[in-house]
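Chemist: I am attaching a structure below and will ask some questions about it afterwards.
The values are calculated or read from the model by the stated rules, or taken from the named source; none is laboratory data. Just so it is clear, the structure is predicted and the values come from calculations on it, not from any experiment. Neighbour counts are summed over all protein chains in view; Cβ atoms, including those assigned to glycine, are modelled from backbone coordinates with ideal geometry.
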Amino acid sequence: MTKYSHLDTPFIDAVKSYVDKNRTAFHMPGHARSRLIPEQIEALLGKNVFKYDLTEVEGVDYLHKAEGVLKASQELTAAAFGSEQVFYLVNGSTVGVMSMIMSSVKPGEKLIVQRNSHRCAIAGITLGNVTPIWIQPEMIPEYQILAGVLPETLQRTIDENPDAKAVLLTSPNYYGMAQNMMELIRIAHENDIIVLVDEAHGAHFPFHPDLPTSSIDRGADMITQSTHKSLPALTQTALLHVNGNRIDLDRLTSVLSMLQSSSPNYLLMMSIEASRKMMSQHGMELWSRAMETASYAREELLKIPELQVIDESIIGKYGIVEWDSTKLSVLTNSLRHSGFEIEHLLNSQFNIEIELSALNNYLCFITGGSTKEDIDHLVKATRWFSENKGNTDLKEFIRIPQIPFQVYTPAEAFNQPYEQIPFKSADGQISKRIIAPYPPGIPYVCPGEIITQNAVEMLTQMKLDGAVVQGIDENEMVEVITE
């Protein structure tokens with residue numbers, strides 16, 4: 001551990017010290033330390049942000065070979081979050097998940113993957129030429145949400161694939177539902193399997209006891225967290241935590257240096273450090289406030305006749321053992337609008353932007369920055385929907401997606417010839433690409449898998465209701481492998 005305390009910001013201090021020297025600049029970036037800024041951007045952001053947009057200059061360290069103030073900053077962050085070691089990420093949790101996969105599983109080896117993993121897992125599997133073994137979490141049918149993997153499901157998958165090298169688990173999911181990580185990690189480790197966790201939506205967990213327990217504390221080997229999703233760091237920032245001795249650190253750092261930019265943005269890394277300091281000082285207070293605000297929201301929403309929200313009653317069902325109450329999820333069946341329709345109307349009529357819409361629900365993130373006035377605005381809008389119901393009967397569209405049959409691994413599929421055909425005619429074809437509603441980016445069909453009629457019907461309906469579906473172009477065409 002360094003000589004610093006959690007109140008210190010060695011990296012920010014070093015960057016500020018360098019900027020204060022006001023050196024003549026004959027180096028990148030091209031704005032010459034704020035002397036050449038496009039007028040439109042300067043009017044929006046001012047000069048100061050450009051002054052701190054540095055490259056690897058004297059005294060401010062380098063992400064890919066951190067030996068000074070960045071090393072100290074990462075050590076402080078590891079201590080604050082409770083991990084043994086942490087790496088700052090400037091390409092989001094996406095690069096964290098990809099690096100976890102590629103550093104722990106070699107080409108041709110098996111990786112057990114939770115099916116509701118983010119699409120970046122497919123990218124890591126493809127680049128690493130890894131063989132995925134999919135594991136299906138439990139489905140909450142009334143919400144159409146994939147929830148937790150049961151321990152017995154993981155044990156059965158390991159028994160069927162004893163040569164698997166690692167397992168990638170996602171907890172919590174987008175809706176804040178956390179599965180039984182203690183038991184899942186125990187099962188994997190007893191079978192000498194490395195545990196990788198996508199905890200992108202749980203960076204705030206270490207800072208309040210009433211939030212779910214982080215997989216850092218559960219003993220996972222590598223954990224990726226998005227500091228921009230729930231903490232006040234800039235978009236694209238994330239953390240990759242490492243615990244124990246199962247991880248080849250040399251291989252991990254090599255993968256990170258290949259996948260991340262060789263010119264990491266110093267503003268992003270400064271925001272990670274500042275967020276760590278804020279959470280160390282005020283995390284308990286801020287997340288208490290967020291949970292109080294979310295509780296107030298649920299109380300007010302439930303005053304609307306027939307409206308349903310996800311609450312703590314979900315714990316103990318569908319593999320869920322903990323739940324993040326700052327995630328505000330509203331079921332839209334009683335409103336007779338799809339979640340996609342609700343999102344559009346919230347944008348166009350009420351000037352409200354939400355995090356996610358799905359077929360029969362919508363999701364709002366509550367943080368310490370959310371106010372009761374924000375909630376009152378949302379409740380007023382939702383009450384209007386209740387009084388002006390739509391014409392959508394959501395029950396007829398409810399289906400439980402099954403894992404399609406895999407003909408090729410994603411890496412094999414990437415190199416196969418393909419053609420474009422209408423998506424409506426794609427039943428029985430082999431997909432060339434990921435087909436996924438975004439957000440949240442969870443694949444319905446992965447590269448190399450058979451496109452089923454179930455997927456065609458479900459995704460077509462989602463597009464009609466306003467969903468953005470990646471993998472289907474603006475002409476309703478999809479790429480399929482030609483054999």
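Chemist: Which one of Lys21, Lys106, Lys47, Lys16 is assigned by TED's automatic domain parsing to the domain that holds Ala203, of a type in the set (Lys, Arg) and free of Cβ contacts under 8 Å to residues at least 60 places away in the same chain?
Modeler: Details: Lys21 fails: assigned by TED's automatic domain parsing to the domain that holds Ala203; Lys47 fails: assigned by TED's automatic domain parsing to the domain that holds Ala203; Lys16 fails: assigned by TED's automatic domain parsing to the domain that holds Ala203.
Every option except Lys106 fails the conditions.
Chemist: Still on this structure, I have one more. So which of Val60, Val113 ends up being within 24 Å of Leu154 (Cα to Cα), outside any helix (DSSP H, G or I) and of a type in the set (Val, Ile, Thr)?
Modeler: Numbers: Val60 fails: within 24 Å of Leu154 (Cα to Cα).
After applying the criteria, what remains is Val113.
Chemist: Is there a residue being under 28 Å from Glu292 (Cβ atoms), among the hydroxyl-bearing types (Ser, Thr, Tyr) and assigned to a helix (DSSP H, G or I) anywhere in segment 365-380? Break it down into steps so the answer makes sense when it comes.
Modeler: From segment 365-380, those under 28 Å from Glu292 (Cβ atoms) are 365-380; that's our starting set.
In the following step, the residues that additionally are among the hydroxyl-bearing types (Ser, Thr, Tyr) were identified as 367, 370-371.
This time we only want the ones that are assigned to a helix (DSSP H, G or I), so: none.
Scanning segment 365-380 turns up no residue that is under 28 Å from Glu292 (Cβ atoms), among the hydroxyl-bearing types (Ser, Thr, Tyr) and assigned to a helix (DSSP H, G or I).
Chemist: Going through Ser117, Ser93 one at a time, which residue ends up being closer than 23 Å to Ser262 by Cα, in contact with a strand residue (DSSP E or B) (Cβ under 8 Å, 6 or more places away or on another chain), of a type in the set (Gly, Ala, Ser) and in contact (Cβ under 8 Å) with a residue 12 or more places away in the chain?
Modeler: Values: Ser117 fails: closer than 23 Å to Ser262 by Cα.
It is Ser93.
Chemist: Here's a follow-up. Looking only at segment 302-342, filter to residues that are within 20 Å of the chain's Cα centre (by Cα) and either among the acidic types (Asp, Glu) or in the same structural domain as His201 (by TED's automatic domain parsing) (or both); which one of those is surrounded by the most Cβ atoms within 10 Å (Cβ to Cβ)?
Modeler: Across segment 302-342, the extreme among qualifying residues is Asp324.
Chemist: Determine whether segment 355-363 contains at least one residue that is outside any strand (DSSP E or B) and at positive phi. I'd like the intermediate steps shown before the answer.
Modeler: Narrowing segment 355-363 to residues outside any strand (DSSP E or B): 355, 358-360.
Applying the additional criterion that residues be at positive phi yields none.
No; the residues of segment 355-363 include none that is outside any strand (DSSP E or B) and at positive phi.
Chemist: Determine whether Gly124 is at pLDDT 95 or above, under 28 Å from Arg156 (Cα atoms) and out of contact with any helix residue (DSSP H, G or I) (no Cβ under 8 Å at 6 or more places or on another chain).
Modeler: Working: at pLDDT 95 or above: yes; under 28 Å from Arg156 (Cα atoms): yes; out of contact with any helix residue (DSSP H, G or I) (no Cβ under 8 Å at 6 or more places or on another chain): no.
Against the criterion (at pLDDT 95 or above, under 28 Å from Arg156 (Cα atoms) and out of contact with any helix residue (DSSP H, G or I) (no Cβ under 8 Å at 6 or more places or on another chain)), Gly124 does not qualify.
Chemist: Out of the residues in segment 81-102 meeting the condition of being within 17 Å of Thr237 (Cα to Cα) and in contact with a Pro (Cβ under 7 Å, 6 or more places away or on another chain), tell me which one is surrounded by the fewest Cβ atoms within 10 Å (Cβ to Cβ).
Modeler: In this case the residue turns out to be Val90.
Chemist: Is there a residue being closer than 24 Å to Cys364 by Cβ and in contact (Cβ under 8 Å) with a residue 12 or more places away in the chain anywhere in segment 400-407?
Modeler: Going residue by residue through segment 400-407, those that are closer than 24 Å to Cys364 by Cβ are none.
So far as segment 400-407 goes, no, none of its residues is closer than 24 Å to Cys364 by Cβ and in contact (Cβ under 8 Å) with a residue 12 or more places away in the chain.
Chemist: Quick one: how many residues across segment 116-132 are part of a strand (DSSP E or B) and within 24 Å of Gly319 (Cβ to Cβ)?
Modeler: Of the residues in segment 116-132, 1 are part of a strand (DSSP E or B) and within 24 Å of Gly319 (Cβ to Cβ).
Chemist: For segment 430-469: of the residues being surrounded by fewer than 23 Cβ atoms within 10 Å (Cβ to Cβ) and polar (S, T, N, Q), which is farthest from the chain's Cα centre (by Cα)?
Modeler: Gln453
Chemist: Just to be sure, is Gln406 within 27 Å of the chain's Cα centre (by Cα) and either at pLDDT 95 or above or not aliphatic (A, V, I, L, M) (or both)?
Modeler: On the way: within 27 Å of the chain's Cα centre (by Cα): yes; either at pLDDT 95 or above or not aliphatic (A, V, I, L, M) (or both): yes.
Yes, satisfied.
Chemist: Turning to a different aspect of this structure: Which strands (runs of 3 or more DSSP E) does segment 133-244 wholly contain that include 1 or more residues that are hydroxyl-bearing (Ser, Thr, Tyr)?
Modeler: Because the criterion is at least 1 residues that are hydroxyl-bearing (Ser, Thr, Tyr), the strands (runs of 3 or more DSSP E) in segment 133-244 that meet it are 166-170, 222-226.
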